[in-house]
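Where a number appears in this text, it was derived from the coordinates with a stated rule and is not lab data. This structure is a prediction, so every number in the text was calculated from the model and none was measured. Quick reminder, even Gly has a Cβ in these numbers, built from the backbone with ideal geometry, and neighbours come from all protein chains shown.
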Amino acid sequence: MVGIISYGAGNIFSLTAALERLGIPYGMIFKEEDFDQYDRYIIPGVGHAGAAMNKLEQTGLIPKIKSLTKPVLGICVGMQLLTAHSEEGDSNLLNIFPVKTLRFKDSADYKVPHTGWNQTFPEKGNPLFENIPNGSHFYFVHSYFIEYDESYTLSSTDYNNKFSASIWRDNFFGVQFHPEKSGKYGETLLTNFSKI
Amino acid sequence: MLSKRIIPCLDVKDGRTVKGVNFVDLRDAGDPVELAWNYSRQGADELVFLDITATHERRKTMVELVKSVARQVNIPFTIGGGINEIADADALLNAGADKISINSAAVRNPALIDELAKAFGVQFVVIAVDTRVSGDKNIVHLNGGRIPTEKETLDWILEAESRGAGEILLTSMDHDGTKAGFDNGLLKIINDAVHIPVIASGGAGSVQHFVDVFEKTNVDAALAASVFHYGEILIPDLKEVLRQNNIEVRTLAE
């Protein structure tokens, strides 16, 4: 059963709706004791990374999150929180992945936010992209991205520069795109996560 | 590569689709949720719902609609129409809308764009602009193109971008309903002038019009209503032609 970490950063209606469509049971985590009821966790998040980090700090759940050994999936800003630092609000983050979250340089050819369906290419064998063809499209909407890193990039996407569309370290996974809005492949990815 | 997006637009009143729709296989052509689901299956990349409900119950009706769509549909969608304040936007985003589209309210109160961008992030804020040629200028119009404003279209769009618009939905009222093609001249000027995504709207009548708008203006997305609703253009066929013209489109899962 998936525990969604609740810290007040953005709406999760679409995410829970997707889990319900897929028949993936879930519940909400508000305090440390709640973690024990679940065998995997999602950190959602939209909006401003710095603001999201402040809200997460207020929950007091950070030491627990860092100590988790069961599978964890950060989505969008929930993924960016796993990195060391974001240029958004010059914010120090969880540092589970020692990489940086940077802002896209906007231009007429590469508009910001990066909005729409883009392809992602897994860099290594992994359980998250099982049954998802190389180069499948996912739905992105973000102005900040996680830098490409040979150790931690799980799949890369190109938008002006190559960046981490997803990351992986031990039990921690993160995706920049929105699997709950990414059609069939997004649903496959959520189902895969529920089985890791 | 980032794909060009194809966006069907649905007009909704009191929770029901209003423009005629004649899909085969639809149990209820007035049900926006069933229609949305059908479009997502055909390969629409995104949906826009334009709510034209005019009763005091409208926010409640819209929230219910948004929740129903978010429960059933696995692609992003925007909701527009009658969003006047932060509380409207908050309710719709919490119900599962991915973006909100603001038109008249932003023209009347441009600071609303700043407030929405600050409260929710620029990626949630679509500014819809209805433009019509008046004299030799492109002028922003309100109420479906009936009421001219003082604002020149390019100036207003640049102001909206600087205030925190995350995307522009530009409808040419001169082209809307003509099925003679998008307003590629204006769309290119706007698209070259901004660094946020632009959705072209108004004038789609054939598959070639979509090829033209992407090739001539490089906009990010193209929106249409009747050609999709009446089945005159089928999205899989449209995407195939775009692909043959080397325009990047999303590949669907089997």
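Ignoring aspartates and glutamates fewer than eight residues from A:LYS100 along the same chain, the ones with Cα atoms less than 18 angstrom from its Cα are A:GLU87, A:GLU88, A:ASP90, A:GLU147, A:ASP149, A:GLU150, A:ASP158. Using a cutoff of 8 angstrom between alpha carbon atoms and counting only pairs six or more residues apart, the relative contact order for segment B:87-213 works out to 21 percent.
Once you order the gyration tensor axes a ≥ b ≥ c over the Cα atoms, which shape class does segment A:92-136 get: rounded for a/c under 1.5, otherwise prolate or oblate by comparing a/b with b/c? Note, shape of segment A:92-136 comes out oblate. With 23 Å as the limit on Cα-Cα distance, the pairs of A:LYS111/B:LYS137; A:LYS70/A:LYS195; A:LYS111/B:LYS216; B:LYS4/B:LYS179; A:LYS181/B:LYS179; A:LYS64/A:LYS124 that go past it are A:LYS111/B:LYS137; A:LYS181/B:LYS179; A:LYS64/A:LYS124.
Placing +1 on the Cβ of every Lys and Arg and -1 on the Cβ of every Asp and Glu, with no other charges, gives the protein assembly as shown a dipole of roughly 460 debye about its Cα centre. Restricting segment A:37-116 to trypsin sites (Lys or Arg not before Pro) that sit in a DSSP loop and have at most 13 other Cβ atoms within 10 Å of their own Cβ leaves A:LYS105. Loop-located chymotrypsin sites (Phe, Trp or Tyr not before Pro) in segment B:154-254 (DSSP state other than H, G, I, E, B) with a sparse environment of at most 15 neighbouring Cβ atoms within 10 Å: B:TYR230. Going by the alpha-carbon gyration tensor, a ≥ b ≥ c the square roots of its eigenvalues, is the protein assembly as shown rounded (a/c under 1.5) or, if a/c is not under 1.5, prolate (a/b greater than b/c) versus oblate? Verdict is prolate for the protein assembly as shown. The trypsin sites (Lys or Arg not before Pro) of segment B:77-156 that DSSP puts in a loop, and whose beta carbon has at most 11 other beta carbons within 10 Å, are B:ARG146. Bridge orientation summary for the protein assembly as shown: considering DSSP beta bridges with both residues in this region, about 45 percent are antiparallel.
Label positions at A:ASN134 and B:GLU159, each projected 7 Å from the Cα along the C-beta direction, are separated by 5.1 nm. Couplings 3J(HN,Hα) of segment A:70-79, computed from phi: 7, x, 10, 10, x, 10, 6, 5, x, 7 Hz, in residue order, whole Hz [Karplus 6.51 cos²θ - 1.76 cosθ + 1.60, θ = phi - 60°; x for Gly and Pro]. When DSSP beta bridges are restricted to pairs lying wholly in chain A, around 60% turn out antiparallel. Would segment B:166-254 count as rounded, prolate or oblate if I go by the C-alpha gyration tensor, calling it rounded below 1.5 in a/c and otherwise prolate when a/b exceeds b/c, oblate otherwise? Oblate shape, in that a/c is at least 1.5 and b/c is the bigger or equal ratio. DSSP beta bridges fully contained in chain B are about 25 percent antiparallel.
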